[in-house]
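The values are calculated or read from the model by the stated rules, or taken from the named source; none is laboratory data. Note that this is a predicted model, so its numbers are computed, not measured. Methodologically, a virtual Cβ is constructed for each residue, glycine included, from the backbone with ideal geometry; neighbour enumeration extends over all protein chains shown.
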Amino acid sequence: MKTIINFTSTMSVLTSLAFSQSINAQGTFQNLNFEEANPVAAGSPYPAYDVTTESALPGWSVYYGGTQEAVVAYNSESLGAAQVTLLGPGNTSGVGVIDGNYSVYLQPGTSLQGTGSYSASIAQVGTIPSSAVSLTFDAWQPMYATPFSVSFAGDTLSPVVLSTGESPSGQAYDVYGVNIASFAGQNGQLEFTVYPPWGNSLLLDDILFSTTPVAEPSIAALTSIGGLLFGARKWFARR
């Protein structure tokens, strides 16, 4: 009989939090859950799939590589080109909405002509609430995808997985958190980026500032988990 150790579940027990003290007034940041979307066709050759960035992601800017984009996709997955997609009502792609009516899907890749290699980013300039202690968000990546990047004012953040979940439609996701008390009250750009190659991607939703700190695993807890996994590996090797 094979025994499976769920590392994510173990970490969730160690880091589980009830973010009951979330901050409703999000400083000058807006549309952090993407529910302000009102998609308007961009007038491109693909009217069923292309909408304006301004209407799809109010408050956010979209970049492929270092180039800002005025158009994003709607309810479609890229087959190779860099693409940011608003997923919403009527979505029949293979990736589902995490919460509410809308989620955002970032895919790096080539140009539309199939050349080059470009990251996919969304970014917004704002002020972190003065009482904020942590930042949390929901996200999903395909198995084996390269970790994504989160930064504020040019400083790279290092979020940890707090728990896992599943949307009513069956879309799996992780809840991430990072302590940001050192940035409270500061103005800067919050950016989420996924880097090439194509196949990496990030589904994103429910970005939230909170007054509750992220309980990152202690060294002792990590050591205990490491010992448990090492012991399990030796046990499997003997079978």
- Item | Of all residues making up the stretch 118-141, the number that are under 27 Å from Ala70 (Cα atoms) and either of a type outside the set (Gly, Ala, Ser) or in contact with a Gly (Cβ under 8 Å, 6 or more places away or on another chain) (or both) | 13
- Restricting the stretch 148-171 to residues that are hydrophobic (A, V, I, L, M, F, W, C) and either touching a residue at least 24 places away in the same chain (Cβ under 8 Å) or touching a Gly at 6+ places or on another chain (Cβ under 7 Å) (or both), the residue that is farthest from Tyr105 (Cα to Cα): Ala153
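Yes/no per residue for (1) on the phi < 0 side of the Ramachandran plot; (2) surrounded by 12 or more Cβ atoms within 10 Å (Cβ to Cβ); (3) touching a strand residue (DSSP E or B) at 6+ places or on another chain (Cβ under 7 Å):
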{"site": "Trp140", "(1), (2), (3)": "yes, yes, yes"}
{"site": "Phe148", "(1), (2), (3)": "yes, yes, yes"}
{"site": "Gly154", "(1), (2), (3)": "no, no, no"}
{"site": "Leu157", "(1), (2), (3)": "yes, yes, yes"}
{"site": "Thr164", "(1), (2), (3)": "yes, yes, yes"}
{"site": "Ser169", "(1), (2), (3)": "yes, no, no"}
- Query: Any idea which of (1) out of contact with any Asp or Glu (no Cβ under 9 Å at 6 or more places or on another chain); (2) in a loop (DSSP other than H, G, I, E, B) is the one Val125 doesn't satisfy?
  - Reply: (2)
- Message: For the stretch 126-146, which positions are farther than 27 Å from Gly96 by Cα and either at pLDDT below 90 or not hydroxyl-bearing (Ser, Thr, Tyr) (or both)?
- Response: Gly126, Ile128, Pro129, Ala132, Val133
- Message: Looking at the stretch 105-115, can you tell me whether even one residue there is at pLDDT 95 or above, in a strand (DSSP E or B), under 18 Å from the mean Cα position of the chain (by Cα) and among the aliphatic types (A, V, I, L, M)?
- Response: yes
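Looking at this structure, is Ser131 surrounded by 15 or more Cβ atoms within 10 Å (Cβ to Cβ), over 13 Å from the mean Cα position of the chain (by Cα) and closer than 18 Å to Ser210 by Cα?
Considered against the rule, which asks whether it is surrounded by 15 or more Cβ atoms within 10 Å (Cβ to Cβ), over 13 Å from the mean Cα position of the chain (by Cα) and closer than 18 Å to Ser210 by Cα, Ser131 comes out as yes.
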- Query: Can you tell me how many residues in the stretch 34-75 are touching a helix residue (DSSP H, G or I) at 6+ places or on another chain (Cβ under 9 Å), surrounded by 18 or more Cβ atoms within 10 Å (Cβ to Cβ) and touching a residue at least 60 places away in the same chain (Cβ under 8 Å)?
  - Reply: 4
- Task: Return yes when Gly114 is surrounded by fewer than 16 Cβ atoms within 10 Å (Cβ to Cβ) and in contact (Cβ under 8 Å) with a residue 24 or more places away in the chain and no when it is not.
- Result: yes
- Item | Criterion: farther than 18 Å from Ile122 by Cα, among the polar types (S, T, N, Q) and out of contact with any Asp or Glu (no Cβ under 9 Å at 6 or more places or on another chain) - qualifying residue of Ser163, Ser169 | Ser169
- Report, by residue number, each residue of the stretch 178-202 that is within 23 Å of Ile98 (Cα to Cα) and hydroxyl-bearing (Ser, Thr, Tyr). Thr193, Tyr195, Ser201
- Among the residues of the stretch 92-104 satisfying the criterion of being part of a loop (DSSP other than H, G, I, E, B) and among the β-branched types (Val, Ile, Thr), which is farthest from Thr193 (Cα to Cα)? Thr92
- Message: Whether any residue in the stretch 129-138 is within 21 Å of Asp174 (Cα to Cα), of a type in the set (Phe, Trp, Tyr) and assigned to a loop (DSSP other than H, G, I, E, B) is what I want to check.
- Response: no
